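A short worksheet on the structure shown next.
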Amino acid sequence: MGGIAIYLAFLVTVGGLPVPGGPSPALHTLLLAGALIVIAGVIDDIWYLGIRPRFGVQIAIALLVIHFGDALIANLGAFIGAEPVTMGILAVPFSVFALVGAINAINMSDGIDGLAGSVCAISLFLSAIVAISGERAGDAMALLALVGGILGFLVFNLRYYPLRRAKVFLGDSGSTFLGLAVGYFLIVLTQGENRLIAPVTALWILGVPLLDTAACMIVRIRRGDSPFQPDRGHLHYLLIDNGLTSSRALLVIAVFHTMLGVAGLVGHYREAPENVMCLLFVALFLLYLAGTAKYRNPLNG
């Protein structure tokens, strides 16, 4: 499976990082957590686990990464005013929510060939730019190693001439691992005394998977369904159902996702107020929700 290949490439590369002292203990924790979530994903791919066992595993892995991988969201930044908002005793549960949310946002985006891999490669590459600019060599090399693994996978997962069908697939093992990795790196880049970007910037970098998953869940809840009920309400399905091929839908989403991430970084490096960037993201989400509403119907979400 493609997910196993991406993880193994990341494991081998990160294990040999040419940085003083080798990989940090936090990266070692990510490698361990990654192995666990890949194994769980393979089991889920073969024998459907169900929602509750799946969430139980994801929560346990998130707690592992939080406690031993320095992935604790203790500060949300100044997103509602001049002073930063600290989480206090809510830091651990909120961090679990964020990591599990990232895992499932990426997992839910894996609806057409190449989509989850492409959006993750874009998000991780933008994160690598942040790490390089902040002189965090270990994180930068790990991020670029993961991007390289994804690109190698996409060669066999995307549809292009003469390859008419994907030869390998990401599977739950791959999509959940990539979601964990994206969530982990966005947390470590936005937290601590030496944070490199504001927490709100992470929302822009997570981009389309965050917007799309949140919108789909709201629509399902309003309809009286489970927020995890599969349907054709995701952006890639809406584009395909309205005449685009899967390849063109992928291109549209990848460009949109890149624009969101770049906009977030431009806002950060141009020192736009965090509360303004937060308001803009909320406004964008509301526009996205309203703009896609007319393409959803009661039967397909």
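Would you call ILE132 surrounded by 22 or more Cβ atoms within 10 Å (Cβ to Cβ), within 27 Å of LEU8 (Cβ to Cβ) and of a type outside the set (Ser, Thr, Tyr)? Give the derivation first.
On the way: surrounded by 22 or more Cβ atoms within 10 Å (Cβ to Cβ): no; within 27 Å of LEU8 (Cβ to Cβ): yes; of a type outside the set (Ser, Thr, Tyr): yes.
The answer is no for ILE132.
(1) surrounded by fewer than 20 Cβ atoms within 10 Å (Cβ to Cβ); (2) over 16 Å from the mean Cα position of the chain (by Cα); (3) at pLDDT 90 or above: which one isn't true of VAL155, the others all being true?
So VAL155 meets the others, but not (3).
Can you go through LEU124, LEU27 and tell me which one is farther than 29 Å from ILE253 by Cα, part of a helix (DSSP H, G or I) and hydrophobic (A, V, I, L, M, F, W, C)? Even if it seems obvious, please write down each step before you answer.
On the way: LEU124 fails: farther than 29 Å from ILE253 by Cα.
Sole residue among the options that is farther than 29 Å from ILE253 by Cα, part of a helix (DSSP H, G or I) and hydrophobic (A, V, I, L, M, F, W, C): LEU27.
Within region 236-245, can one find any residue that is at negative phi, free of Cβ contacts under 8 Å to residues at least 40 places away in the same chain and surrounded by 19 or more Cβ atoms within 10 Å (Cβ to Cβ)? Spell out how you get there, then give the answer.
As a first pass, look at region 236-245 and keep what is at negative phi: 236-242, 244-245.
Those left that are additionally free of Cβ contacts under 8 Å to residues at least 40 places away in the same chain: 239, 244-245.
Adding the requirement that they be surrounded by 19 or more Cβ atoms within 10 Å (Cβ to Cβ) leaves 239.
Yes, that holds for at least one residue.
Quick check on this structure: which one of THR292, THR258 is modelled with pLDDT under 90, assigned to a helix (DSSP H, G or I) and either touching a Ser or Thr at 6+ places or on another chain (Cβ under 8 Å) or among the polar types (S, T, N, Q) (or both)?
On the way: THR258 fails: modelled with pLDDT under 90.
Selected residue: THR292, the only one of THR292, THR258 that is modelled with pLDDT under 90, assigned to a helix (DSSP H, G or I) and either touching a Ser or Thr at 6+ places or on another chain (Cβ under 8 Å) or among the polar types (S, T, N, Q) (or both).
Just for region 189-211: of the residues that are surrounded by fewer than 24 Cβ atoms within 10 Å (Cβ to Cβ) and farther than 22 Å from VAL276 by Cβ, which one is nearest to the chain's Cα centre (by Cα)?
Ranking the qualifying residues of region 189-211, first place goes to GLY192.
Condition test on SER109, is it out of contact with any Phe, Trp or Tyr (no Cβ under 9 Å at 6 or more places or on another chain), crowded, with 20+ Cβ neighbours inside 10 Å and either under 21 Å from LEU64 (Cα atoms) or among the small types (Gly, Ala, Ser) (or both)?
Details: out of contact with any Phe, Trp or Tyr (no Cβ under 9 Å at 6 or more places or on another chain): yes; crowded, with 20+ Cβ neighbours inside 10 Å: yes; either under 21 Å from LEU64 (Cα atoms) or among the small types (Gly, Ala, Ser) (or both): yes.
The answer is yes for SER109.
To keep it simple, each residue is scored yes or no on (1) over 30 Å from GLY192 (Cα atoms); (2) at pLDDT below 90; (3) outside any loop (DSSP other than H, G, I, E, B).
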residue	(1), (2), (3)
VAL12	no, yes, yes
TYR48	yes, yes, no
GLN58	no, no, yes
LEU64	no, no, yes
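Consider GLY171 carefully, then state whether it is at positive phi and either in contact with a Leu (Cβ under 6 Å, 6 or more places away or on another chain) or crowded, with 24+ Cβ neighbours inside 10 Å (or both).
Working: at positive phi: yes; either in contact with a Leu (Cβ under 6 Å, 6 or more places away or on another chain) or crowded, with 24+ Cβ neighbours inside 10 Å (or both): no.
So GLY171 does not fit the description; no.
Which residue out of LEU203, LEU235 is under 16 Å from VAL119 (Cα atoms) and at pLDDT below 95?
LEU235 is the lone residue from the list that is under 16 Å from VAL119 (Cα atoms) and at pLDDT below 95.
Can you name the number of the only condition in (1) surrounded by fewer than 20 Cβ atoms within 10 Å (Cβ to Cβ); (2) at pLDDT below 90; (3) under 20 Å from LEU8 (Cβ atoms) that GLU83 fails?
With (1) surrounded by fewer than 20 Cβ atoms within 10 Å (Cβ to Cβ); (2) at pLDDT below 90; (3) under 20 Å from LEU8 (Cβ atoms) applied to GLU83, the lone miss is (3).
Restricting attention to region 58-77, does a residue exist that is in contact with a Gly (Cβ under 6 Å, 6 or more places away or on another chain) and closer than 26 Å to PRO230 by Cα?
No: region 58-77 contains no residue that is in contact with a Gly (Cβ under 6 Å, 6 or more places away or on another chain) and closer than 26 Å to PRO230 by Cα.
With the requirement that a residue be over 20 Å from GLY114 (Cβ atoms) and not polar (S, T, N, Q), what does region 219-232 give you? Step through it out loud before you land on a result.
Of the residues in region 219-232, the ones over 20 Å from GLY114 (Cβ atoms) are 219-229, 231.
Within region 219-232, VAL219, ARG220, ILE221, ARG222, ARG223, GLY224, ASP225, PRO227, PHE228, ASP231 qualify.
Quick one: would you say VAL168 is farther than 22 Å from CYS216 by Cα and assigned to a helix (DSSP H, G or I)? Spell out how you get there, then give the answer.
Numbers: farther than 22 Å from CYS216 by Cα: yes; assigned to a helix (DSSP H, G or I): no.
For VAL168, the condition - farther than 22 Å from CYS216 by Cα and assigned to a helix (DSSP H, G or I) - is not met.
Considering only region 261-281, state which residues are in contact (Cβ under 8 Å) with a residue 60 or more places away in the chain and under 19 Å from CYS120 (Cα atoms).
Within region 261-281, GLY261, VAL262, GLY264, LEU265 meet the criteria.
Only one of ILE66, ILE112, ILE80, ILE103 is over 24 Å from GLY3 (Cα atoms), touching a residue at least 12 places away in the same chain (Cβ under 8 Å) and among the aliphatic types (A, V, I, L, M); which?
Being over 24 Å from GLY3 (Cα atoms), touching a residue at least 12 places away in the same chain (Cβ under 8 Å) and among the aliphatic types (A, V, I, L, M) holds for just one of ILE66, ILE112, ILE80, ILE103, which is ILE80.
The values are calculated or read from the model by the stated rules, or taken from the named source; none is laboratory data. Here the structure is a predicted model, which is why all the values come from computation and not from measurement. Every residue, glycine as well, gets a Cβ built from its backbone with ideal geometry; the counts of neighbours run over all protein chains shown.
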